[in-house]
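Below is one structure; the comments refer to it alone.
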Amino acid sequence: WPTLRFFEFPKPMIAQVHGYALGGGTYWALLPDITICSDDAFFQMPLVQGLGFPGGETMIEPWTFMNRKRAAEYLYTAQTLTAEQALEMGLVNRVVSRDALDAAVDELAARIARAPLSTLMGTKSLLVRAWELMGMRQHLQMSADVMSVMEQTDDAQEFRARLFAQGQKPRDVT
């Protein structure tokens, strides 16, 4: 489970996002400890509507949204979120202009790096363990199991075949 290893990486991670974070790209954008995005960023998980999958192999949305209703609408409808909407929902830490993105991330990384590495790693470990105590690890593992079964269902396979025959991409369906 690459996403689980990503979640458990022992050092602080900052995601720097501009443009589309689509499908699995949303995991790389939203799973790090801190996410800074430019005002041209968009986030979308089109798997339910666009591929007939129940979510990614390691569904993070219930944890990143921490709101069942928002996560459900986002996943069921393949909703596209702007950078500002992601900020309002608490999915990202900061939105800056595209021109200021590199500098904002560099400044934050330098500020974080002032602390001793062992202290940062200990803090990260405690953050990860807290999420694990709330069930995140079990959910990530279980979603991979569910995905391996669901990708073989007849109706979902027929749905994907129809989309591909029509030349549609997951993003086109929404």
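The values are calculated or read from the model by the stated rules, or taken from the named source; none is laboratory data. Quick caveat: nothing in here was measured; it's all calculated off a predicted structure. Neighbour counts run over all protein chains shown; Cβ positions are idealised from the backbone, glycine included. Ligands, DNA and RNA are excluded from the accessible area calculation, which covers all protein heavy atoms including side chains. Shrake-Rupley method; radii C 1.70, N 1.55, O 1.52, S 1.80 Å.
Data for the structure
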item	result
The chain, accessible area per residue, ligands and nucleic acids excluded (1.4 Å, Å²)	55 Å²
For Val17, distant residues with modelled amide H under 5 Å away	Ile36, Cys37, Ser38
Rounded tilt (10° steps) of 136-150 against the dominant C-alpha axis of the chain	20 degrees
Highest-first arrangement of 77-89, 16-28, 93-105, where packing means the average Cβ count within 10 Å	16-28, 77-89, 93-105
Calculated from backbone phi, Karplus (6.51, -1.76, 1.60) coupling profile of region 25-30 in Hz, x at Gly/Pro	x, 5, 5, 5, 7, 9
Surface share of carbon and sulfur [accessible, 1.4 angstrom probe, percent] for region 1-56	62 percent
Helix 68-77 vs. the chain, principal-axis angle (Cα, 0 to 90°, nearest 10)	50 degrees
Per-selection metrics, region 1-59 (Cα): Rg and Dmax in Å	12.1, 35
Label-point gap, in nm, between Lys69 and Thr82 - each point 7 angstrom along Cα→Cβ	2.2 nm
Cα-projected label distance for Leu126 with Ala109, points at 7 Å along beta-carbon direction, nm	2.6 nm
At R0 = 45 Å, FRET efficiency that the Cβ-Cβ distance of Asp154 and Phe9 yields, to 0.05	0.75
nm² value of the averaged projected area, convex hull over the Cα atoms of the chain	10.4 nm²
